[in-house]
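Working notes, structure below.
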Amino acid sequence: MSNMIGRLFVEHPQSVNETYLQHLATAMGFALKLLSAGVVCTVHAVVPCLFEKTASEAIGELHDRMVVNRVRREALRNGEAVEHA
């Protein structure tokens, strides 16, 4: 039973070097950003002149936070050179 709990709540956060609560906060931040991007996409679909770039900018920000920053953190942890964007 405790192995299943560890797999459900601990394994993935540890794989991205976060505690469960850190992962919860980060994932909720992503969820809120995605929900707001979805709302503006819906508004944009109805009124195309509104929010022309808002959703794509939000996706770009999330990509940077999730992928680029993780790669940067891992490189720093491994003592590798890090390129600045």
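Below are the figures for this structure:
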| read-out | value |
| --- | --- |
| Cut-off of 10 Å, at most 11 other beta carbons, DSSP loop: longest stretch of the chain lacking such GluC sites (Glu not before Pro) | 1-51 |
| Length gained when the stretch Thr42-Arg65 is fully extended (0.36 nm per residue, less Cα-Cα span) | 5.9 nm |
| Within-15-Å neighbourhood charge of Ala58 [Cβ basis; K, R +1; D, E -1] | -1 |
| q = 0.30 Å⁻¹: log10 I(q)/I(0) that the Debye formula gives for region 1-51, counting C-alpha atoms only | -1.01 |
| Residue-averaged [θ]222 nm for the chain, counting only DSSP H segments that reach four residues, each worth -39500 (n - 2.57) | -21500 deg cm²/dmol |
| Selection from Ser36, Met4, Leu62 lying farthest towards where the dipole of the chain points positive, charges on Cβ | Met4 |
| Kyte-Doolittle at least -0.5, axis length at least 30 Å by Cα - qualifying DSSP helices, the chain | 20-46 |
| Label selected from (1) 17.1, 54; (2) 18.6, 62; (3) 13.6, 42, the criterion being Rg and Dmax of the Cα atoms in Å as computed here | (1) |
| Glu18 paired with Leu76, simple spin-label distance in nm, labels 7 Å along Cα-to-beta-carbon | 1.6 nm |
| Net dipole in debye of region 2-77 [+1 Lys, Arg Cβ; -1 Asp, Glu Cβ; about Cα centre; nearest 20] | 180 debye |
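Just so you know, all these numbers are worked out from the coordinates, no wet-lab data involved. Being a predicted model, the structure only gives us computed values, none of them experimental. Don't worry about glycine lacking a Cβ; one is built from the backbone with ideal geometry, like all the others, and counts go over all protein chains shown.
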